[in-house]
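Shown next, in structure tokens, is the structure this report addresses.
The values are calculated or read from the model by the stated rules, or taken from the named source; none is laboratory data. The structure displayed is predicted, hence computed values, not measured ones. Note that we place each Cβ from the backbone using ideal geometry, even for glycine, and neighbour counts take in every protein chain shown. Surface areas here come from the heavy atoms of the whole protein model, side chains and all, with no ligands, DNA or RNA. Shrake-Rupley method; radii C 1.70, N 1.55, O 1.52, S 1.80 Å.
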Amino acid sequence: MTHPTNIVILTGAGISAESGIQTFRASDGLWHNHRIEEVATPQGFAKNPALVHEFYNARRQQLRDPAVQPNAAHLALVRLEREHSGNVLIVTQNVDDLHERAGSDNLLHMHGELNKIRCNHCGTGYECQEDIGTHTACNHCGKTGGMRPHIVWFREMPLYMDTIETALLNCDLFISIGTSGNVYPAAGFVEVARNNGAHTLELNLDPSSNSGLFHKSINGLASKIVPAFVESLLSHTI
Ligand code: OAD
């Protein structure tokens, strides 16, 4: 691998697992106790908004638990962003705020953010760390009944796709960390980057669904393998 200039990093639930946040598809993951159709689709929200608010309120509350803190993998990516001579962009599928709490600046939340809500009546979005419900009034238009989590649900379009595509086409190293490779378009980023000449690397606990598409795969805990990789990249030993 030649030393890269432009690095794009895709992260998923696995990078936050050691911070105490459940992944989705593990045997104790979120999608084993909740039905995607009910809590993560626009149709589910239209049918039972109270249930959807309850699901996301609980997850938003969890971010305020003092035990939930960025781990060594989040911190290693901050180090990479600060010390690498070229560009580092993190594209995260995660809706937690651990990358920004660690100190990452160049960060896109393609699946939205738990700490933001938006109004279906007027379209305004803003920061919110509290519980919301069907009774919550919009700070902007004042109407109730329209507030929703700022989360990209299944059948909705992920955010920042134009910026992400440009970055993928221009990167010379693409790294995927802690994602199972089940959800598109994120699962297809490796092919976009690789077809445009980037070196591609997977850092994950176990081989993901599309592990075979990467030039190299390293398996282990994110808190161990991400700092080790960052150290070797910055010291030019790979
Ligand atoms: P998944 O739960 O599908 O996958 C998490 C991956 O992280 C798995 O491959 C695990 O092996 C790995 N993993 C777990 N613990 C790890 C650790 N300590 N270190 C390294 N890897 C670890 O989560 P995502 O791939 O992020 O979307 O899921 C993608 C999307 O599906 C989510 O953004 C969410 C979900 O439905 C929406 O809600 C829109």
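So which of 209, 180 ends up being surrounded by 15 or more Cβ atoms within 10 Å (Cβ to Cβ) and within 16 Å of the ligand (Cβ to nearest atom)?
180
Find all pairs meeting these conditions: Cβ atoms under 7 angstrom apart; at least six residues apart or on different chains; first residue within segment 67-95 and polar (S, T, N, Q) and more than 13 Å from the ligand (Cβ to nearest atom); second residue open to solvent by less than 10 Å² (accessible area, probe 1.4 Å) and outside any helix (DSSP H, G or I).
Matching pairs, first to second residue: 87/7.
For segment 24-56, how many residues meet the condition of being assigned to a loop (DSSP other than H, G, I, E, B), modelled with pLDDT under 95 and near the ligand (Cβ under 10 Å from one of its atoms)?
4
Name the pairs whose Cβ atoms lie under 9 Å apart, with the first residue in segment 169-184 and touching a residue at least 60 places away in the same chain (Cβ under 8 Å), the second open to solvent by less than 10 Å² (accessible area, probe 1.4 Å) and acidic (Asp, Glu), and 6 or more positions between them or separate chains?
From residues that are touching a residue at least 60 places away in the same chain (Cβ under 8 Å), the pairs are 175/202; 176/202; 177/202; 179/202.
Output the residues belonging to segment 57-86 that are under 27 Å from residue 230 (Cβ atoms), of a type in the set (Gly, Ala, Ser) and in a helix (DSSP H, G or I).
Within segment 57-86, 72, 73, 76 meet the criteria.
Restricting attention to segment 212-224, which residues are open to solvent by 80 Å² or more (accessible area, probe 1.4 Å), under 23 Å from residue 102 (Cα atoms) and in a loop (DSSP other than H, G, I, E, B)?
Correct list: 221 only.
Of the residues that sit in segment 98-130 and are under 19 Å from residue 79 (Cβ atoms) and touching a residue at least 24 places away in the same chain (Cβ under 8 Å), which one is surrounded by the most Cβ atoms within 10 Å (Cβ to Cβ)?
Taking the candidates together, the pick is 99.
Looking at 204, 196, which is the one that is within 9 Å of the ligand (Cβ to nearest atom) and either in contact (Cβ under 8 Å) with a residue 60 or more places away in the chain or more than 16 Å from residue 13 (Cβ to Cβ) (or both)?
Values: 196 fails: within 9 Å of the ligand (Cβ to nearest atom).
Matching residue, one of 204, 196: 204.
For segment 183-204, name all the residues that are assigned to a loop (DSSP other than H, G, I, E, B) and either over 21 Å from residue 87 (Cα atoms) or open to solvent by less than 10 Å² (accessible area, probe 1.4 Å) (or both).
Within segment 183-204, 183, 184, 185, 198 qualify.
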